[in-house]
Amino acid sequence: MSIRSWFRHAFAVDPPGEVKPTEAEQAPVDWLSRQIVKRHLTTPAIFTLEMSRPLNFITAQMMHVMGPAAWAILPPEMYGNYTNFASFLEKRGSIDHICRRIEQLEAEAVEREQTHLTEGPAKRQRTNAQTHKSDSESSSP
């Protein structure tokens, strides 16, 4: 490898845009996204992620530096997710992917809530009608 070819790629960065994580990297991203949506922290999380976008590579490097401490504290399966997440954060479009995944899970949660709310009154009306019907049948001689 000549110096010229090495220098040509010395400062290469990933192309802009969302990246597709590997299967191993997707698991911690999904876990984090589900925890954020479960706690109804979608807006603050996306706001924080967008603000910290320029620092995602530095954050990933800090996670690698803190790896030995994480290894001592975390169970083995969680430590594997920790290192996979740190590797995913090194990629340029990782923040975009995390934000989209959080938004997707939030939309699914809202849809489930709306479905539950619209189903709720109809089920209650049917249950009430069945209760009244059985009451009227039991009270007639």
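The values are calculated or read from the model by the stated rules, or taken from the named source; none is laboratory data. If you're wondering where the values come from, they're calculated on a predicted model, not measured in any experiment. So basically every Cβ, Gly included, is an ideal-geometry build from the backbone, and we count neighbours across all protein chains shown.
To keep it simple, each residue is scored yes or no on (1) exposed (fewer than 10 other Cβ atoms within 10 Å of the Cβ); (2) over 31 Å from the mean Cα position of the chain (by Cα); (3) farther than 17 Å from Gln35 by Cβ; (4) at pLDDT 95 or above.
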| residue | (1), (2), (3), (4) |
| --- | --- |
| Pro68 | yes, no, yes, yes |
| Asn84 | no, no, no, yes |
| Lys91 | no, no, yes, no |
| Asp96 | no, no, yes, no |
| Glu103 | no, no, no, yes |
| Glu106 | no, no, no, yes |
| Gly120 | no, no, yes, no |
| Thr131 | no, yes, yes, no |
| Ser134 | no, yes, yes, no |
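Which one is surrounded by the most Cβ atoms within 10 Å (Cβ to Cβ) among residues in region 34-62 that are outside any helix (DSSP H, G or I) and not hydrophobic (A, V, I, L, M, F, W, C)?
Filtering region 34-62 down to residues outside any helix (DSSP H, G or I) leaves 39-41, 52.
The next check asks that each one be not hydrophobic (A, V, I, L, M, F, W, C); those that pass are 39-40, 52.
Working: Arg39: 10, His40: 10, Ser52: 12.
Looking at the filtered set, the residue picked out is Ser52.
From Pro15, Pro28, which residue is part of a loop (DSSP other than H, G, I, E, B) and in contact (Cβ under 8 Å) with a residue 12 or more places away in the chain? So that I can check it myself, show each step before the final result.
Values: Pro28 fails: part of a loop (DSSP other than H, G, I, E, B).
After ruling out the rest, the residue left standing is Pro15.
May I ask you to list the residues in region 26-57 that are closer than 22 Å to Gly80 by Cα, at pLDDT 95 or above and more than 11 Å from the chain's Cα centre (by Cα)?
Within region 26-57, no residue meets the criteria.
Only one of (1) among the charged types (D, E, K, R); (2) over 14 Å from Arg101 (Cα atoms); (3) touching a His at 6+ places or on another chain (Cβ under 9 Å) is not met by Lys20, so which one is it?
So the condition that Lys20 fails would be (2).
Is it the case that Pro76 is surrounded by fewer than 16 Cβ atoms within 10 Å (Cβ to Cβ), modelled with pLDDT under 95 and either small (Gly, Ala, Ser) or more than 28 Å from Ala109 (Cβ to Cβ) (or both)? Quick ask: steps written out before the conclusion?
Values: surrounded by fewer than 16 Cβ atoms within 10 Å (Cβ to Cβ): yes; modelled with pLDDT under 95: yes; either small (Gly, Ala, Ser) or more than 28 Å from Ala109 (Cβ to Cβ) (or both): yes.
In short, yes.
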